[in-house]
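J.: One structure follows; several queries about it will come next.
The values are calculated or read from the model by the stated rules, or taken from the named source; none is laboratory data. This one's a predicted model, so the numbers in the text were calculated from it and none came from an experiment. With ideal geometry, Cβ positions are generated from the backbone for all residues, glycine too; neighbour counts draw on all protein chains shown. Side chains included, ligands, DNA and RNA excluded: accessible areas come from the protein's heavy atoms. Shrake-Rupley method; radii C 1.70, N 1.55, O 1.52, S 1.80 Å.
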Amino acid sequence: RRLFYGHPYYAWGAGHDTGGRDSLYKTVFESKDAAEVHRLLKENRIGYVALDNAVRRDAFLKSPNEALFDAYFPLVFSDTEGKYENLKIYRVPNEIGPLQALVPSSKAASTAVETSLPAISPFEGGEGNGPGQFSRPRGIAADAKGNFYVADTGNSRVQKFDADGRFLMQFGAEGDGEGQFRELNGVAVDETGAIWTVDAARHMLIKFDSSGSFVREWKGPEINFYGPRDLTFGPNNQLYIVDQGRTRVIRFDPAAERFTEWGSAGGGDGQFNEATGIGIGAKLVAVADAGNGRVQLFDLEGRFIRQWSVSAWAGYAWNRPDVAVSGDDNLIYVSSGLSREVIVYDQAGNVVRNIKPEGADELSNPTSLTI
């Protein structure tokens, strides 16, 4: 399978003359006709398309069509850390999905939008960018009405559904503008219905109102986030954030605009290694300390209570496990991607049961949980 890279002189399989390559290059990276772009790529036996900052800034192109690839072509690699000029690689599918209006990569796309595409039940899901479909989802939260919100990381958006799975709205777009995402991770909802997210690549906390409109972001040296992964609200209306890169938990009081923290790097009590998830219930804060292969429990002030090992996590931190606490029965639920299950513990760390569906309901790298 051939790769078409974003430059006419590096277009493999695109014809033998420079003029032919120029023409194909311009059409592939500028045309807004998804069917035409797909046809040209298939005719030239091109299996993958790579796009980076060189294309985005190329004077040869008047208006690069990155949104077209985001909408119709499966993303197989994204340089979320900015090591390779924000490179993206898309696979050229055998067929493209139904034609849809492209959402522009602009600040306007950060606010909530409705879509005319028929929604798919999120419980059925599937990989894609239509309503109810997902790409590498890494966060989930519920509000007081039972509506739930999914951090649809690969699509740089948050989707909202009612308790029965009916699509309600979506907001977000890829980019560095207000309310946009590079690596959206956790999502949480406060008592007013405001929606809070963290972006692991832009190292920030972002707040939206209940309609999905951008409100404010927190970042910079004063807070010094580095790869925040998950967040949740406690019964004290304070926000608890796993700041993975700084090996700590941050507690944020929105009313007082005050940040406090606990934790350090290591394997001791109250220390963390690649923590990926946080959950609160029954006045307990549970942290998925994935790199240490364990769950740690704290009180709401950050005082260590106990910890226990999760054998299914051993040596496999990259499945991004999560943890949730049930306030009704004081049970702690953890996801395990490698063993494809959810493990339920009591507060002493004893296994109560394993939730491991089979057949069509089998889990495949389950990540975030909410109750």
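J.: Give a residue-ordered list of calculated ³J(HN,Hα) values for region 259-268 (Karplus: 6.51 cos²θ - 1.76 cosθ + 1.60, θ = phi - 60°; whole Hz; x for Gly, Pro).
T.: 10, 10, 8, 8, x, 7, 7, x, x, x
J.: Of the options Leu61, Phe161, Ser368, report the single residue whose Cα projects farthest towards the positive end of the charge dipole of the chain (beta-carbon charges: Lys, Arg +1; Asp, Glu -1).
T.: Leu61
J.: In Å², and per residue, what accessible area does the chain have when probed at 1.4 Å with the other protein chains present?
T.: On a per-residue basis, 46 Å².
J.: Under 5 Å between amide hydrogens, which residues at least 5 positions from Met169 or on another chain qualify, with H placed 1.01 Å from N in the peptide plane?
T.: Excluding prolines and chain starts, which carry no amide H, the hits are Lys160.
J.: Name the residue farthest towards the positive end of the dipole of the chain from the options Val92, Val342, Gly270, assuming +1 on Cβ of Lys and Arg, -1 on Cβ of Asp and Glu, about the Cα centre.
T.: Positive-end residue among those listed: Val92.
J.: Helix-only mean residue ellipticity at 222 nm, the chain, DSSP H runs n ≥ 4 weighted -39,500 (n - 2.57), per residue, nearest 500. What is it?
T.: Calculated from helices alone, the mean residue ellipticity at 222 nm is -2500 deg cm²/dmol.
J.: Sort Asp361, Asp22 from largest to smallest accessible area, using a 1.4 Å probe on the heavy atoms of the protein chains. Walk me through the numbers on the way to the answer.
T.: Values: Asp361 110, Asp22 40 Å².
From most exposed to least exposed: Asp361, Asp22.
J.: Now, a different point. Name the shape class, rounded, prolate or oblate, that the alpha-carbon gyration tensor gives for region 117-220, where a ≥ b ≥ c are the square roots of its eigenvalues, rounded holds for a/c under 1.5, and otherwise prolate holds if a/b is larger than b/c and oblate otherwise.
T.: Oblate, since a/c reaches 1.5 and b/c is not below a/b.
J.: Let me ask something else. What percent antiparallel are the DSSP beta bridges of the chain, to the nearest 5?
T.: Percent antiparallel among DSSP bridges in the chain is about 90.
J.: In nm, to one decimal, how far is the modelled label at Arg39 from the one at Glu191, with both set 7 Å along Cα→Cβ?
T.: About 5.9 nm, to one decimal.
J.: OK, next. Would you kindly calculate the translational diffusion coefficient of region 250-371, applying Stokes-Einstein with the Kirkwood radius from alpha carbon pairs, for 25 °C and a viscosity of 0.890 mPa s, and quote it in µm² s⁻¹ without decimals?
T.: Calculated translational D: 167 µm²/s.
J.: Note down the magnitude of the dipole of region 311-371 about its Cα centre, charges +1 on Lys and Arg C-beta and -1 on Asp and Glu C-beta and zero elsewhere, to the nearest 20 debye. All intermediate terms of the calculation are to be shown ahead of the outcome.
T.: On the way: 4 positive and 8 negative charges, 45 e Å.
Computed about the Cα centre, the dipole is about 220 debye.
J.: Work out from phi, with θ = phi - 60° and the Karplus expression 6.51 cos²θ - 1.76 cosθ + 1.60, the ³J(HN,Hα) of each residue of region 136-145, listed in order in whole Hz, and give x for Gly and Pro.
T.: For region 136-145, the Karplus-derived couplings read 6, x, 9, x, 8, 8, 10, 9, 5, 8 Hz, x marking Gly and Pro.
J.: So if I restrict to the alpha-carbon atoms in the chain, what is the Rg, and what is Dmax, the biggest pairwise distance, in Å?
T.: In Å, with Rg to one decimal and Dmax whole: 21.8, 70.
J.: Amide H of Arg157 versus every other amide H placed in the peptide plane: which residues, excluding those fewer than 5 positions away on the same chain, fall under 5 Å?
T.: Under 5 Å from the amide H of Arg157 lie the amide H atoms of Asp152, each far enough along the sequence or on another chain.
J.: Show the residues, 5+ positions off or on another chain, whose built amide H is closer than 5 Å to the amide H of Ile305.
T.: Here Leu297, Phe298, Asp299 satisfy the definition.
J.: Still on this structure: Please determine, in degrees from 0 to 90 and to the nearest 10, the orientation of helix 34-43 with respect to the longest principal axis defined by the Cα atoms of the chain, where the helix direction is its Cα long axis.
T.: Long axis of 34-43 versus the principal axis of the chain: about 70 degrees.
J.: Mind jotting down the distance between the C-alpha centroids of region 241-276 and region 287-338, whole Å?
T.: About 14 Å separates the Cα centre of region 287-338 from the one of region 241-276.
J.: Still on this model: Tell me the carbon and sulfur percent of the accessible area for the chain, rounded to whole percent, probe radius 1.4 Å.
T.: Answer for the chain: carbon and sulfur cover 47 percent of the accessible area.
J.: Mind giving me the nanometre distance, one decimal, between the label points for Ile96 and Val215, set 7 Å out from Cα along Cα→Cβ?
T.: 3.8
J.: For region 209-291, just say rounded, prolate or oblate: build the C-alpha gyration tensor, square-root its eigenvalues into a ≥ b ≥ c, call rounded for a/c under 1.5, and beyond that prolate if a/b exceeds b/c, oblate if not.
T.: Since a/c reaches 1.5 and a/b is larger than b/c, the shape of region 209-291 is classed as prolate.
J.: I've got another one for you. How big is the dipole moment of the chain about its Cα centre under a simple scheme where the beta carbon of each Lys and Arg is +1, that of each Asp and Glu is -1, and everything else is neutral? Debye, nearest 20, please.
T.: Rounded to the nearest 20 debye, it is 720 debye.
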